[in-house]
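Take a look at the structure below.
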Amino acid sequence: MKKMFYSIVLLLPAISLSSLAQQEQQTQPTQQKQQPPQTQQTKKPVDPARMVAGMLEVFDPEVSIITPGATDSEPPSDAIVLFDGTDISKEWEDTRGNPSKWIVKDGTMISVRGAGFIQTKRKFGSIQLHIEWKTPSEVTGESQGRGNSGVFLQERFEVQILDSYNNRTYRHGQAASIYKQFPPLVNSSRGPGVWQSYDIIYTAPTFNKDSVTYFTPPRITVLHNGVLVQNNVSLSGPTDYTRIPEVFIKTHGPGSLQLQDHGNPVAFRNIWVREL
Ligand code: MG
């Protein structure tokens with residue numbers, strides 16, 4: 001009996017240690033679950049190391065397929081051709097809706113003093129425009145009086161056309177300026193009698209409820225002979241010769257593209273537009 005007592009006494013520490021070890025095994029997983037902070041898991045739902053390129057690739061809807069022009073100056077398949085060198089009356093009229101008195105000659109149309117602006121019969125909002133123009137080879141006049149015309153977007157915002165080759169004028173009135181608002185970044189003019197081009201990207205404005213302030217202003221980018229000269233500039237209002245543009249802001253919808261008669265015979269060709 002004495003022997004059995006001593007055996008139990010000797011076994012007790014071993015039983016206690018074993019049960020402690022079991023308790024530790026049971027409690028350890030609970031402690032491990034508490035370790036990772038939940039905030040880290042929500043910030044990084046996907047382990048960057050497990051990312052593959054395909055997870056960020058979107059196939060649908062497929063981008064529309066068009067056919068570009070044979071050269072960068074020729075109209076792509078989704079463009080509206082506004083003048084192809086033949087019939088001016090198809091797309092253009094004067095600002096009263098009457099047939100234009102501008103001349104069509106040798107595949108070009110030429111402004112006529114006193115005939116007034118011409119405008120497209122179609123009306124546009126935001127557009128990409130390609131237009132080629134040529135000031136007279138015989139140089140007469142100076143400053144604003146030499147080869148003056150202009151492209152008016154939505155009947156309101158003028159990208160100036162002028163013979164600005166060796167012809168100083170105010171900087172926001174020379175060729176490729178947004179008239180009286182933004183001078184071009186550089187003067188990329190060719191000489192008189194040489195064809196030049198504008199590629200214009202125009203974003204139409206949106207309006208606040210008061211109808212006399214912009215929610216988003218009109219924005220214009222211009223490449224003159226392939227050179228960036230207006231870099232997405234934001235206009236403060238319509239073009240005006242003497243007064244500040246903000247005064248003339250008024251809600252409007254789509255508008256015609258207009259070409260200016262400023263008294264100088266300026267020729268145009270290869271005009272096309274893409275609606276954006
Ligand atoms: Mg002008």
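Structure above, values below:
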item: Cβ pairs under 6 Å, 6+ apart, first in region 165-179 and among the β-branched types (Val, Ile, Thr), second at pLDDT 95 or above and near the ligand (Cβ under 10 Å from one of its atoms); result: Thr169/Gln144
item: Top-ranked residue of region 56-71 - restricted to ones that are acidic (Asp, Glu) and at pLDDT 95 or above, ranked as nearest to Gln154 (Cα to Cα); result: Glu62
item: Qualifying residue in region 82-95 (condition: part of a strand (DSSP E or B), surrounded by 11 or more Cβ atoms within 10 Å (Cβ to Cβ) and among the aliphatic types (A, V, I, L, M)); result: yes
item: Lone unmet requirement of (1) closer than 27 Å to Asp78 by Cβ; (2) in contact with a strand residue (DSSP E or B) (Cβ under 6 Å, 6 or more places away or on another chain) for His252; result: (2)
item: Subset of region 186-223 (residues that are over 16 Å from the mean Cα position of the chain (by Cα) and under 17 Å from Asn270 (Cα atoms)); result: Gly193, Val194, Trp195, Gln196, Ser197
item: Every residue from region 50-96 that is among the hydroxyl-bearing types (Ser, Thr, Tyr) and free of Cβ contacts under 8 Å to residues at least 60 places away in the same chain; result: Ser64, Thr67, Thr71, Ser77, Thr86, Ser89
item: Residue within region 241-253 that is within 19 Å of Gly150 (Cα to Cα), loosely packed, with under 12 Cβ neighbours inside 10 Å and touching a residue at least 40 places away in the same chain (Cβ under 8 Å) present; result: yes
item: Of all residues making up region 147-199, the number that are farther than 17 Å from Gln230 by Cβ and charged (D, E, K, R); result: 4
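The values are calculated or read from the model by the stated rules, or taken from the named source; none is laboratory data. These numbers come from a predicted model, not from an experiment. Neighbour counts are summed over all protein chains in view; Cβ atoms, including those assigned to glycine, are modelled from backbone coordinates with ideal geometry.
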